[in-house]
Amino acid sequence: MANQTLARRYATAIFQLAGEQRAVGQVGSELRVLSDAIQDNESALNFFLSPVVDREQKEQTLVAAFDGKAHPIALHAMLLLVRKRREGLLRQIVREYGALELAARGLEPLTITTAKPLEAAELRALVAQLEKIYGKKFEVTQRVQSDLIGGVRILMGDRRIDGSVEGRFEELARTLLARN
């Protein structure tokens, strides 16, 4: 929880700087690219996260690799993480920044998980119903989980609605155990 709070503080500061320069989307996109470039390469990740590697060496490597290729705010955010020994927060900062981007556009994240992909009309109808019920607009991500027996699982921020068969059985079991 402390890491999430700290990541949110960094993300908020980066978001505010990007907003001042009217580069919110570009900085967010480039932070995701930088994070993915580091996370997807095992040797880069080990180098970036290693407490043994000198901070100056990390900074020089980041500048050599990304100077002129990434927005200055994104690059300086990375350098700040190295200086403050907060490299491990990068993934969480990117996630928090994305949430701030969505909120600025008046959207909330919505993840819909089903056993099979929903048809476009079904997905639109479900999202429209949720928007009507909750009075919010959503950025929708659809996931397919083949081991889900049936139904749908919905994740809206920190609220989870489990309409799957498994979820119904778990709810039934809790009810039966509570009565005994």
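The values are calculated or read from the model by the stated rules, or taken from the named source; none is laboratory data. For clarity, every value in this text was computed on a predicted model and none was experimentally measured. Because the Cβ atoms are built from the backbone with ideal geometry, glycine has one as well, and the counts that use them run over all protein chains shown. Surface accessibility is based on the protein's heavy atoms, side chains included, excluding ligands, DNA and RNA. Shrake-Rupley method; radii C 1.70, N 1.55, O 1.52, S 1.80 Å.
Using Cα pairs closer than 8 Å and at least 6 residues apart in sequence, work out the relative contact order for the stretch 2-103, in percent.
Numbers: 75 pairs, mean separation 48.5, N = 102.
That works out to 48 percent.
Compute the normalised compactness of the chain: alpha-carbon radius of gyration over 2.2 N^0.38 Å, N being the residue count.
Working: Rg = 20.6 Å, N = 180, 2.2 N^0.38 = 15.8 Å.
Relative to the rule-of-thumb radius for its length, the chain sits at 1.30.
Less than 10 Å Cβ to Cβ from Met156, Lys/Arg counted +1 and Asp/Glu -1: what total charge do the surrounding residues give? My count for the surroundings of Met156 gives +1.
With a 1.4 Å probe and all protein chains left in place, how much accessible area per residue does the stretch 1-59 have, in Å²? It would help to have the intermediate numbers written out before the result.
Numbers: 3770 Å² over 59 residues.
Accessible surface, normalised per residue, equals 64 Å².
Three semi-axes describe the equivalent ellipsoid of the stretch 2-103; taken as square roots of 5 times the Cα gyration tensor eigenvalues and ordered largest first, they are 21, 15, 12 Å. Mean separation of Cα pairs under 8 Å and 6 or more residues apart, divided by the residue count, gives the stretch 89-180 a relative contact order of 29 percent.
Give, in nm to one decimal, the length gained when the segment between Ala173 and Arg83 is fully stretched (0.36 nm per residue of separation minus the Cα-Cα distance). Length gained, Ala173 through Arg83: 27.3 nm. The stretch 149-167 and the stretch 104-124 have Cα centres spaced 12 Å apart. The local environment of Glu131, defined by Cβ-Cβ distances under 13 Å, has a net charge of +2 under the rule Lys, Arg +1 and Asp, Glu -1.
Sum -39500 (n - 2.57) across every DSSP H segment of at least 4 residues in the chain, then divide by the residue count to get the 222 nm mean residue ellipticity, nearest 500. Kindly include the intermediate steps, with their values, before the conclusion.
Values: 8 runs with 112 residues, N = 180.
Using -39500 (n - 2.57) per qualifying helix, the result is -20000 deg cm²/dmol.
I'd like the per residue volume of the convex hull spanned by the Cα atoms of the stretch 107-179, given in cubic angstrom. Can you show the working numbers first?
On the way: hull volume 7.0 nm³, N = 73.
Each residue corresponds to 96 Å³ of Cα convex hull volume.
The fraction of accessible area contributed by carbon and sulfur in the stretch 107-179 is 54 percent, rounded to a whole number (1.4 Å probe; ligands and nucleic acids excluded).
Test of the criteria: in the stretch 89-173, which GluC sites (Glu not before Pro) are in a DSSP loop and have at most 14 other Cβ atoms within 10 angstrom of their Cβ? Can you show the working numbers first?
Working: sites: Glu96, Glu101, Glu119, Glu122, Glu131, Glu139, Glu166, Glu170, Glu171; in loops: Glu119.
Qualifying residues, ordered by number: Glu119.
Accessible surface area normalised per residue over the stretch 107-179 is 71 Å², counting heavy atoms of protein chains with a 1.4 Å rolling probe.
Just the number, please: carbon plus sulfur as a percent of the accessible area of the stretch 2-103, 1.4 Å probe, no ligands or DNA/RNA counted.
On the way: 2920 of 5820 Å².
Roughly 50 percent of what the probe reaches on the stretch 2-103 is carbon or sulfur.
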